[in-house]
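Worksheet: the structure to be examined is printed underneath.
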């Protein structure tokens, strides 16, 4: 039991001096506990005579060290043991590392389990893989049952997703510098379908050859199903929104059509009332004035009668003035008879009663023909814009421009007045639920916008406080070949008529006069006036423009007294036909409303002028004589 040899490393491990050890025993050098450990192991070698490999713990300054020790007997030539030898290797660092690895693996296993993360490792050369227990659990396999083959992996993948799973692995192999991420479904042995998120990374050797594919799997079934439910809900919601939007758009279109129809119905009723007033009340008032005119001549020289007739005549004049104003307010005759351009000029002039001066610039275009509904709605919109300007601009001035540009009719109403904060007005209107498309209803602009949309056009307004307001109506015009409104016939219709034609011939040089008016009472009144003059011969009467053309052909009158507003063919069109065929025939225009626009239209057609029916009592004969004289 005495030491014969000890190298320097062994002395350091045992914390003794090498010279001190030689010739001494374990009890002499070491603690009793350590000496008993060594001596017990030595005894086992002596007794067995064979090699013993054992771990022995030796206290050192930094703690207890463990050595892996091999002890064996030394024998002489006859095989008789004479000594015991031991070789020790300090394995403490390896044990500590192993312990740390085990602790790390335990923590990793805990983290994987808590996060539901599974790990795989695929050996490319061996075509074999290793799965973590968590991966087997996720895939529904008993622990340790995965055989590591590609076939076993593929069998569990949903058939529809096998291609995408292979594609994900292939991307990792093709580009080892970046991990490949992909998703696919698996079908577990219990039939449950689960969604897997995979992230794979290819590892290469020193020569750049791919040797392993490592990665993780996550069970994302809950998230995926939630995502799919959300997508389905979004699709259902989008479909519902589309349905609701379609219904709202349809309802909006219906409301727009109904609003337009209501607007047009109002205008048609206004037109009907204006026509009733014009065709009946005004004509009766005119007849009354004509009759009073006859009475005035009979009462000439009797002051009392003259005073009464004058008073009654003034009453009729006031009544005619009132009815003319009422007719214009209800439905301007110029709009019905001469179209939009003339109506806008009249509208600009009529704004003087609102203490507003309007500069009107309207391009003349004889070929501009619009349907009646478009004319009415455009006119109404312009009137509302001008009234808005008169109320809010504060300048008493505005400009109205109508022009054709690139197949569109553009009407602009502008002023340089107060203006308004368009964004603020719009935001208030939106908050109140009274705005559409950025147009406020505060100034009636929404109704104008809806009218223009119903016509297939657009409405735009620009306003800045202190810089005025500009409103633009834009209406696409019908292309060539598209008829926007019924165009009047190119010539008069021939047929039977209720005309009165005089067959009497006079030998004296007389002025042959044809009376044209759709009101028989007015024709009777005019006849009564002209019958008083010996040089006037009334050769016939016509109730409309078509009848007038027939009688001009038959009777060849010197003068035609032509009313403007008549059915079938109005006086303006009839005058144009007569003057083109018989240039020497004199046409004197007659109307309850002898406006500037009507007068200009009649004179363009060839008439010598236009006079009011109420003035016919005193002026008609003189006008006829003067026209014949100038002949």
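The numbers here are math on the coordinates, done by the rules we state, and not lab data. Only a predicted model underlies this, so the values are computations on that prediction, with no experimental measurement involved. All Cβ positions, even for glycine, are placed from backbone atoms using ideal geometry, and neighbour counts span all protein chains on display.
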(message) From the C-alpha coordinates alone, can you work out the Kirkwood hydrodynamic radius of segment 235-358, in Å?
(response) 18.9 Å
(request) With label points built 7 Å along Cα→Cβ from the Cα atoms of residue 97 and residue 255, find their separation and express it in nm. (result) 8.1 nm
(request) State the dimensionless ratio Rg/Rh of segment 97-219 (Rg: radius of gyration of Cα atoms; Rh: Kirkwood radius). (result) 0.97
(request) Sort the following peptides by mean Cβ neighbour count (other Cβ atoms within 10 Å, averaged over residues), highest first: 17-29, 125-137. (result) 125-137, 17-29
(request) Can you tell me the order of 42-54, 387-399, 370-382 when each peptide is scored by its average per-residue count of other Cβ atoms within 10 angstrom, highest first? (result) 370-382, 387-399, 42-54
(request) Output the relative contact order of segment 97-219, whole-number percent, from Cα pairs under 8 angstrom with separation of 6+ residues. (result) 25 percent
(request) With runs of 4+ DSSP H residues as the only contributors, calculate the mean residue ellipticity of the chain at 222 nm using -39,500 (n - 2.57) per run, divided by the residue total and rounded to the nearest 500. (result) -15500 deg cm²/dmol
(request) Would you kindly calculate the mean projected area, averaged across all directions, of the convex hull enclosing the Cα atoms of segment 8-90, in square nanometres? (result) 5.8 nm²
(request) Would you calculate the separation in nanometres between label points at residue 85 and residue 527, each defined as 7 Å from the Cα along the Cα-to-beta-carbon direction? (result) 16.4 nm
(request) Can you grab the distance from the C-alpha centre of segment 519-567 to the C-alpha centre of segment 218-243, Å, no decimals? (result) 83 Å
(message) Let me check the size of segment 290-341 from its C-alpha atoms; what are the radius of gyration and Dmax in Å?
(response) 16.5, 50
(request) Can you tell me the relative contact order of the chain? Whole percent, Cα pairs under 8 Å, sequence separation 6 or more. (result) 7 percent
(message) Please compute, for the alpha-carbon atoms of segment 180-257, the extent along each of the three principal axes and give them in descending order in Å.
(response) 79, 37, 13
(message) 7 Å from Cα along Cα→Cβ at both residue 284 and residue 556: what's the point-to-point distance in nm?
(response) 4.3 nm
(message) Return the equivalent ellipsoid semi-axes of segment 500-630 as a descending list in whole Å, where each equals the square root of 5 times an eigenvalue of the C-alpha gyration tensor.
(response) 20, 16, 15
(request) Please work out which option in (i) 26.6; (ii) 35.8; (iii) 59.9 gives mean projected area of the Cα convex hull in nm² calculated from these coordinates, and answer with its label. (result) (iii)
